[in-house]
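Only one structure is covered here, and it is reproduced in the block below.
The values are calculated or read from the model by the stated rules, or taken from the named source; none is laboratory data. Predicted, not measured: the structure shown is a model, and the values here were computed from it. Cβ placement follows ideal geometry from the backbone for every residue including glycine, while neighbour counts extend to all protein chains displayed. Ligands, DNA and RNA are excluded from the accessible area calculation, which covers all protein heavy atoms including side chains. Shrake-Rupley method; radii C 1.70, N 1.55, O 1.52, S 1.80 Å.
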Amino acid sequence: MKLYAILIVLVIGFTATAQDKQGYQLYTKDGKQTTYKKLLKAAADAQVVLFGEEHDNAMVHWLQLEFTKDLASTKPLVLGAEMIEADNQQQLNQYLAGAIDQQVFDSLARLWKNHKTDYKPLVDLAKEKRFPFIATNIPRRYASQVYKKGLESLNSLTPEEKAWIAPLPIAYDATLRGYVKMLEMSGGHGGDNLPKAQAVKDATMGHNIAQNLKEGTIFVHYNGSYHSDNFEGINWYLKKEKSSVKILTIAAVSQKDINKLEAEHLKQADFIIVVDEDMTKTY
């Protein structure tokens, strides 16, 4: 009877485990499963966290918010995002100060269509905690200009316009894996100016992070994973400007099976969030 009882407990335990589901799993860059607690501990020792995302992934946006709240309990933060452009910093500051409400902010700034669901909670957290929030990205019209006319065309901008981008001339390494892959995926469409338009975004975000580093704080930056994957992109430009800065990178990927990191994602970042590919999209 005692043996029978033990078997029943084992069967129930196995069934519960088999039925247990989770939406994501964390990995180290080497593909070893790790924990949120270890991610948070590592981030607390960094000066900059580049939190790469899939823009439409509900799970990743939830993790960004929870991670930022938890990290804020360890040190003061400076927040920043690809999703708000540098020439909208004034409007962002007005919103953070309570001088304008969300409706006015929406009408004055070029906010992404998923701002209210995915980025407003982060901006509102900065507002509540009185953390700076930096609009780090280049105004899109200048990235478009690079795509059409090349990096050299930025020399014709006015001093006011140049203040919204990284200092000229923009360094560019065409051999970086991310830029090579971009050209391959485009089939050559857009030529060399396509990755250069990406590079001017990376350079501007890296510069704006560097300019807003503060002693005793951690800068948490939200960006598409492709802007910091493989320790390139923003990471590369930030290191050129502040060689000694301690950066932690996070990447987000979707897989059918979250229980093993696929080989193509190895070394993609210090920590890799693998999300079930069936996760709800925000748009």
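Okay, here's what the table says:
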| item | result |
| --- | --- |
| Residue check, Ala81 open to solvent by less than 20 Å² (accessible area, probe 1.4 Å) and touching a Leu at 6+ places or on another chain (Cβ under 6 Å) | no |
| One residue from Ala72, Ala126, Ala99 being farther than 23 Å from Asp229 by Cβ, surrounded by fewer than 14 Cβ atoms within 10 Å (Cβ to Cβ) and either in contact with a Phe, Trp or Tyr (Cβ under 6 Å, 6 or more places away or on another chain) or aliphatic (A, V, I, L, M) (or both) | Ala99 |
| Residue in the stretch 132-145 that is loosely packed, with under 14 Cβ neighbours inside 10 Å, free of Cβ contacts under 8 Å to residues at least 60 places away in the same chain and more than 30 Å from Leu96 (Cβ to Cβ) present | no |
| Unmet requirement for Met185, which otherwise passes all of (1) within 24 Å of Tyr119 (Cα to Cα); (2) over 19 Å from the mean Cα position of the chain (by Cα) | (1) |
| Selection within the stretch 208-228 - assigned to a helix (DSSP H, G or I) and open to solvent by 30 Å² or more (accessible area, probe 1.4 Å) | Gln211, Tyr226 |
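Condition check ((1) open to solvent by 10 Å² or more (accessible area, probe 1.4 Å); (2) part of a helix (DSSP H, G or I); (3) under 28 Å from Asp30 (Cβ atoms)) across all residues:
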residue: Thr175; (1), (2), (3): yes, no, yes
residue: Gly178; (1), (2), (3): yes, yes, yes
residue: Met205; (1), (2), (3): no, yes, yes
residue: Ser243; (1), (2), (3): yes, no, yes
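Rundown of residues vs (1) modelled with pLDDT under 95; (2) in the same structural domain as Ala199 (by the TED database); (3) more than 20 Å from Phe131 (Cβ to Cβ); (4) open to solvent by less than 10 Å² (accessible area, probe 1.4 Å), yes/no style:
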| position | (1), (2), (3), (4) |
| --- | --- |
| Lys2 | yes, no, yes, no |
| Ala16 | yes, no, yes, no |
| Lys41 | no, no, yes, no |
| Thr68 | no, yes, no, yes |
| Leu77 | no, yes, no, yes |
